[in-house]
């Protein structure tokens, strides 16, 4: 049953909850990853790679804004979402919130690769979304994401050429892979100002089923994860990296679930690093007594 | 390794030198050039060329021409009365453009 999202008023509570949950997971991933990328500013291995990553960070911030903007239709403005929200109410996967080890460029490019492949797949599953604004915005975002994937792949291939670089990639992969799997976890509906309900955690899977059932996204998280694995595992193995997943195992799904970290982000549980990052990224807003987000361009339409 | 970058604004136009990028190979040079030189101005195409592959001959090597004033050759200095044929008007426009560019460079 496809819902009608043509008009934002008159949404049923089920439709509204599915919409909010989908858009916060999309927007939060982009927003938080951009914040982390920004830490590389003036610290990347060369001026060129510095600019390339800064470019990607700026793209991701723009994408976060495109997703948050759709929530404005249901009365949630950017200020509430970005600056006023309880950090525990963010729904990004833990992959994007982990801090970088100082100078560990292998982590930055591998993380970007794992994330950008996942993002491409989920955008593909949004191209025929029943929500016209979501469907419209996918094209703009995908045109920029292609560059991100090529950039990450180029770096991975080059870092994997010698033992030192490959060793660094393997360390980063062992650390990041379980967190990358959180990208495919169902999100607990964010409270977004409403009172928390005890059953929220148990609702995550059901709400994601609603997202698909209402046609907001046309693939399930399981399908996206399996597609993602079919792309990233062979590629990483082609670089002589060992991936902690046996796709021929008897029960690969259970093996993957066992790899998941305790805090998955999507479930509202985060690593300590997120609370530090959130504190930092809202500091200027708080200390200068800001009351709104800064915009230099007109709000996206369509 | 340094790669010189040439930018073409619209199809059919010349690629004009716009700067350079450091990159270990052609593929990364293309990717870096796209961000550094194709992001802020309208761009249809970029060339990346290894600096060592560029041949140069300069004013110390040879006496170049182009130092005498040949502006009398420009048809724009003639005044005519009445409407010109469209070919003449177009040609004059082209020459006026060329002259203006020459003045700007």
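The values are calculated or read from the model by the stated rules, or taken from the named source; none is laboratory data. Since the structure is predicted, the reported quantities are computational estimates derived from the model, not experimental observations. Note that we place each Cβ from the backbone using ideal geometry, even for glycine, and neighbour counts take in every protein chain shown.
Could you please find all residues in the stretch A:31-54 being in contact (Cβ under 8 Å) with a residue 24 or more places away in the chain and facing chain B (nearest Cβ under 10 Å)?
Across the stretch A:31-54, the qualifying residues are A:49, A:52, A:53.
Here are the criteria: (1) within 28 Å of residue B:30 (Cβ to Cβ); (2) surrounded by 20 or more Cβ atoms within 10 Å (Cβ to Cβ); (3) away from chain B (no Cβ under 14 Å); (4) more than 18 Å from the chain's Cα centre (by Cα). Tell me which single one residue A:104 does not satisfy.
(2)
Look at residue A:207 and say whether it is closer than 21 Å to residue A:111 by Cα and buried (at least 18 other Cβ atoms within 10 Å of the Cβ).
Numbers: closer than 21 Å to residue A:111 by Cα: no; buried (at least 18 other Cβ atoms within 10 Å of the Cβ): yes.
In short, no.
Exactly one condition in (1) in a loop (DSSP other than H, G, I, E, B); (2) closer than 19 Å to residue A:149 by Cα; (3) at pLDDT 95 or above is not met by residue A:109; state its number.
(1)
Within the bounds of the stretch A:140-154, is there any residue that is away from chain B (no Cβ under 14 Å), surrounded by fewer than 17 Cβ atoms within 10 Å (Cβ to Cβ) and over 21 Å from residue A:56 (Cα atoms)?
So far as the stretch A:140-154 goes, no, none of its residues is away from chain B (no Cβ under 14 Å), surrounded by fewer than 17 Cβ atoms within 10 Å (Cβ to Cβ) and over 21 Å from residue A:56 (Cα atoms).
Is there a residue in the stretch B:66-89 that is modelled with pLDDT of 85 or more, exposed (fewer than 14 other Cβ atoms within 10 Å of the Cβ) and either away from chain A (no Cβ under 14 Å) or in a loop (DSSP other than H, G, I, E, B) (or both)?
No, there is no match, as no residue in the stretch B:66-89 is modelled with pLDDT of 85 or more, exposed (fewer than 14 other Cβ atoms within 10 Å of the Cβ) and either away from chain A (no Cβ under 14 Å) or in a loop (DSSP other than H, G, I, E, B) (or both).
Here is a yes/no grid of residues against (1) within 14 Å of chain B (Cβ to nearest Cβ); (2) buried (at least 20 other Cβ atoms within 10 Å of the Cβ):
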position: A:87; (1), (2): no, no
position: A:109; (1), (2): yes, yes
position: A:126; (1), (2): no, yes
position: A:131; (1), (2): no, yes
position: A:135; (1), (2): no, no
position: A:158; (1), (2): yes, no
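Any residue at all in the stretch B:22-36 that is on the phi > 0 side of the Ramachandran plot and in contact with a strand residue (DSSP E or B) (Cβ under 6 Å, 6 or more places away or on another chain)?
Applying the first criterion (on the phi > 0 side of the Ramachandran plot) to the stretch B:22-36 yields none.
No: zero hits.
Restricting attention to the stretch A:238-260, which residues are surrounded by 14 or more Cβ atoms within 10 Å (Cβ to Cβ) and more than 27 Å from residue A:159 (Cα to Cα)?
A:252, A:255, listed by residue number.
Only one residue in A:98, A:33, A:26 is within 30 Å of residue A:174 (Cβ to Cβ), modelled with pLDDT of 95 or more and either assigned to a loop (DSSP other than H, G, I, E, B) or in contact with a strand residue (DSSP E or B) (Cβ under 6 Å, 6 or more places away or on another chain) (or both), so which one is that?
A:98 is the lone residue from the list that is within 30 Å of residue A:174 (Cβ to Cβ), modelled with pLDDT of 95 or more and either assigned to a loop (DSSP other than H, G, I, E, B) or in contact with a strand residue (DSSP E or B) (Cβ under 6 Å, 6 or more places away or on another chain) (or both).
Output yes when any residue across the stretch A:55-70 is farther than 23 Å from residue A:285 by Cα and within 14 Å of chain B (Cβ to nearest Cβ), and no when none is.
yes
State whether one or more residues within the stretch A:264-275 are part of a loop (DSSP other than H, G, I, E, B) and either touching a strand residue (DSSP E or B) at 6+ places or on another chain (Cβ under 7 Å) or farther than 29 Å from residue A:176 by Cα (or both).
No, the stretch A:264-275 has no match at all.
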